[in-house]
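Nothing in this text is a laboratory measurement; each read-out follows from the coordinates by a stated rule. Because the structure is predicted, anything quoted here is derived from the model rather than measured. Reconstructed Cβ throughout: ideal geometry from the backbone, glycine too, with neighbour counts over all protein chains shown.
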Amino acid sequence: MKKILLSAMVVAALASCSKRGAENPADPGNEIKATASALDVTSKAPIIENFPSGAAIARVIASESAASNGDYTKEYQSERGGYMNFTDKSPKGFVNENGDTPNGKTYTGGIESVYLSALYPHTGWGDQVTTAPVHQIDGKTDIMATDEIQTAKTKTGELKFQHLLTQLQIKARANDDAAIAAWGNITGITLKRAAGAALANQVNVEFGNSMKSLCSGSVESLPFFNQNDQSNFSYSLTTDEMATQSTVATCLAPAVDATSGDEFQLSVTTEQGSTETLDISLKQKNGDEFSGNTQNYAFTIELTFYATEIVATASINPWTDAGSTQVDVGKN
C-alpha cells in the first residue's frame with residue numbers, strides 16, 4: 001500500500017538517525033528526549049506515504065529502573081507513561097496524546113538517567129500498558145516495539161522500532177483473456193490460517209533490553225487491503241507480465257514459525273462468484289523453502305489466474321529480503 005506500510009513501520013516519522021541519536025546532548029534544562037528509527041524504513045514500512053494524521057506518535061514508557069529489575073512499572077513522572085511525536089530526526093521530548101502539545105519530563109530528584117521503551121501505534125495497547133501491553137491485529141496496522149534503552153542528562157538515546165508482524169504482499173495477473181472472462185475481477189482476499197492453525201489476533205510485548213513479542217489469541221480470518229489506501233480490496237486483472245505488476249494488496253499478519261510445508265492459507269473471491277482456497281508455502285530467493293520465524297519478513301505472493309485454476313507463488317521482499325512464491329489459479 002503506498003501506505004505500505006511498516007520492514008513498518010514509519011518513513012519520515014520514524015526516520016533513521018542511528019549514530020547521531022546517541023550523540024546528541026540533552027537540553028540544558030535536562031529534559032528527557034530520544035530519537036527514533038524503524039528498521040530500514042524506506043523499504044520495510046508498510047505505511048510509507050500518505051501517513052495518517054498523528055500516526056508518528058509512539059507510546060513511550062519512562063522508568064527509573066530497568067525492566068530486568070522487576071519494577072519497570074514505576075513510571076517516571078507519569079501516571080501511565082507518555083508520548084513522543086517523531087516527526088523528524090531531531091531528539092524529541094514528551095508530548096500529549098495528540099502529539100501537538102509539549103509535556104516535557106525532566107531528570108529531577110537526583111535522577112541522572114531513565115530507561116525508555118516504546119510502542120507503536122501509540123493507542124490500543126490496553127489498560128496494562130506498562131506491565132503487559134497487548135495490541136489487536138487487524139491486517140493493516142503496523143505494530144512495533146523497541147528494546148529498552150537508557151538515556152542520561154548527557155546524551156540522548158535512540159529508540160529502534162522493530163516490526164512485530166509478517167507482511168504478506170499480493171501481485172496478480174491473468175494468463176490470457178480467457179482467464180479474465182472466466183474469473184472477472186478479484187473482489188476479495190482473506191488470510192484463513194497460519195502454520196496449520198487458526199490465526200492469532202493479538203501481539204503481546206514483554207519489555208526488556210531485548211524486547212520479546214508473542215502472537216496469541218485466535219480469529220477466523222484477516223482481510224487483505226488495497227495497497228494504495230488500505231481500503232477494502234478489489235482488483236481488475238490484466239495480462240501484463242508479473243515482472244511489471246505492482247503490489248496490489250497487503251495483509252499485516254501474525255508471525256509464525258515456518259517449517260517445511262504450507263505456512264499460510266488464502267481465500268480468493270472473484271467477480272464470477274468463485275472462491276478458491278490456496279495453500280502458500282513460503283520460498284526464499286534461491287527457491288528453497290523458508291524456515292524460522294516470519295516476524296519482520298515481507299513475502300510476495302504472485303497469483304496467476306488461468307481459465308480453470310489459480311497458481312500462487314510467494315517471495316520475501318524487504319522488510320527483510322528473502323524470496324517468492326507463485327500460485328497458479330485455474331490451470332489444468
Can you put 170, 143 in order, fewest other beta carbons within 10 Å first?
170, 143
Cα centroid of segment 81-117 to Cα centroid of segment 139-195, whole Å
29
J(HN,Hα) series, segment 88-98, from Karplus relation 6.51 cos²θ - 1.76 cosθ + 1.60, nearest Hz, glycine and proline x
7, 7, 7, x, 10, x, 6, 9, 6, 4, 7
Provide 297, 235 in ascending order of the number of other Cβ atoms located within 10 Å of each residue's Cβ, fewest first.
235, 297
For segment 79-159, what is the largest minus smallest coordinate of the Cα atoms on each principal axis, given in angstrom and ordered from greatest to least?
43, 28, 21
Set of segment 90-122 residues, backbone N closer than 13 Å to the point 7 Å along the Cα-Cβ line of residue 154
112-113
